[in-house]
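Reading through the structure tokens given below for one structure.
The values are calculated or read from the model by the stated rules, or taken from the named source; none is laboratory data. Small disclaimer: the values here were computed from a predicted structure and weren't measured. When we count neighbours, we look across all protein chains shown, and the Cβ atoms used for this are built from the backbone with ideal geometry, even at glycine. Accessible surface areas use protein heavy atoms only, side chains included; no ligands, DNA or RNA. Shrake-Rupley method; radii C 1.70, N 1.55, O 1.52, S 1.80 Å.
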Amino acid sequence: MARKLIAGNWKMNGQGPQLDFFDDLVNEIAEVDVDILICPPATLIERCARAADSTLIAIGGQDCHVNEKGAHTGDVSAGMLKDAGASFVIVGHSERRADHGETSAIVKAKAEAVLASGLTPVICVGETLAERESGEAERVVVEQMLASLPDEASDRCEIAYEPVWAIGTGKVASTDDILQMHSALNNALPSGVSARLLYGGSVKPDNAAAILSLHHVDGALVGGASLKASDFASIIKNSIR
Ligand code: PEP
């Protein structure tokens, strides 16, 4: 069984004072047999990497450009994130797919850029409510995953299944639906790719244990509940029960 990965996505939240988070989190979790990742806004990566130094908490970016450098005002490359202290990068989050028109082809190019920089991509996929209600969820999400995976995908890729309608809404996919989708994704992974399959979408301390004990759920990508160290610590502790 893969070691679980509990990842926090701070989105566009957080400024310097939030760095107490790392002391608070470490105080609550002590030694746990789980991989922990925090993805702060790009402005905080270097400070978070310093705050998390000498802990087991990894730091990641929330997005990157497909190119390594050049005339792309406002963008950040995977190599720059690495330079700032990141070891993972989230790519293809549904908020980026929706707000910035990112297709799976773009997400794949970003994931390849992340791998080329020596970092690990966390590739997000998920269906809309309309796609779920029309019975298309599994086909859409499997296609999205296959179209977003790098050609040279290796065991250095993580996949996050995040139903779009469950993100930030307090609505969680049923355990049956999560189980079914994770089994479908696991079966569809190309041979030679052994990505961990995370679930994301309103994961909270009170539902984490039920979700994280499901077969083929190798971790969680947590938005809102990763902003408070005590909530995030409780999710981490629930992942090892
Ligand atoms: C996310 O941002 O990836 C996410 C899952 O958010 P939340 O946990 O707030 O639904």
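Amide H to amide H under 5 Å from Gly200: which residues, 5+ apart in sequence or cross-chain, H placed 1.01 Å off N in plane?
Long-range HN contacts for Gly200: Tyr161, Glu162, Leu221.
Hey, could you grab the Kirkwood Rh for the range 37-111? Inverse mean 1/r over distinct alpha carbon pairs, Å, one decimal.
The answer is 12.7 Å.
Springs between alpha-carbon atoms under 10 Å, Gaussian network over the chain: tell me which of Met145, Met181, Met80 tops the mean-square fluctuations.
Met80
According to a simple spin-label model (label point 7 Å from Cα along Cα-to-Cβ), what is the distance in nm between Ser194 and Asn207?
About 3.1 nm, to one decimal.
For the range 76-136, what is Rg from Cα atoms divided by 2.2 N^0.38 Å, rounded to two decimals?
1.28
Under 19 Å Cα to Cα from Lys204, which lysines show up? Leave out anything in the same chain fewer than 8 places away.
Lys4, Lys11, Lys171, Lys228, Lys237
Picking from Gly192, Leu149, Leu227, whose Cα lies most toward the positive end of the charge dipole for the range 137-241 (charges on Cβ: Lys, Arg +1; Asp, Glu -1)?
Result: Leu227.
Subtract the Cα-Cα distance of Ala30 and Ala105 from 0.36 nm times their separation in residues, and report this length gain in nm to one decimal.
On the way: separation 75, 0.36 × 75 = 27.00 nm, distance 4.04 nm.
Between Ala30 and Ala105, full extension yields 23.0 nm more.
What's the percent breakdown of Cα-Cα distances in the chain across 5 Å bins, shortest bin first?
For the chain, the binned pair fractions read 1, 7, 15, 20, 21, 17, 12, 5, 1, 0 percent.
Report, in order of residue number, the helices in the chain meeting two criteria: a C-alpha extent of 15 Å or more along the helix axis, and a mean Kyte-Doolittle hydropathy of at least 1.6; treat each whole DSSP H run as one helix.
Answer set is empty.
Trypsin sites (Lys or Arg not before Pro) within the range 147-221: which are DSSP loop residues with at most 14 other Cβ atoms inside 10 Å?
Lys171
What percent do you get for the relative contact order of the chain when only Cα pairs under 8 Å and 6+ apart count?
Here the relative contact order equals 21 percent.
Counting only protein heavy atoms and a 1.4 Å probe, tell me what percentage of the chain's accessible area is made up of carbon and sulfur.
49
Report, in debye and to the nearest 20, how large the dipole of the chain comes out about its Cα centre when Lys and Arg carry +1 and Asp and Glu carry -1 on their Cβ.
Using Cβ point charges on Lys, Arg, Asp and Glu, the chain gives about 160 debye.
Would you tell me the accessible area of Trp165, worked out with a 1.4 angstrom probe on the heavy atoms of the protein chains, in Å² to the nearest 10?
Rounded to the nearest 10, that gives 40 Å².
Translational diffusion coefficient, Stokes-Einstein: compute it for the range 34-164 using the Kirkwood radius over C-alpha pairs as Rh, at 25 °C and 0.890 mPa s, and state it as an integer in µm² s⁻¹.
Estimated diffusion coefficient is 163 µm²/s.
Taking Rh as the Kirkwood radius computed over C-alpha pairs, what is the Stokes-Einstein D of the range 164-241 at 25 °C in a medium of viscosity 0.890 mPa s, expressed in µm² per second?
Value of D from the Cα-based Kirkwood radius: 191 µm²/s.
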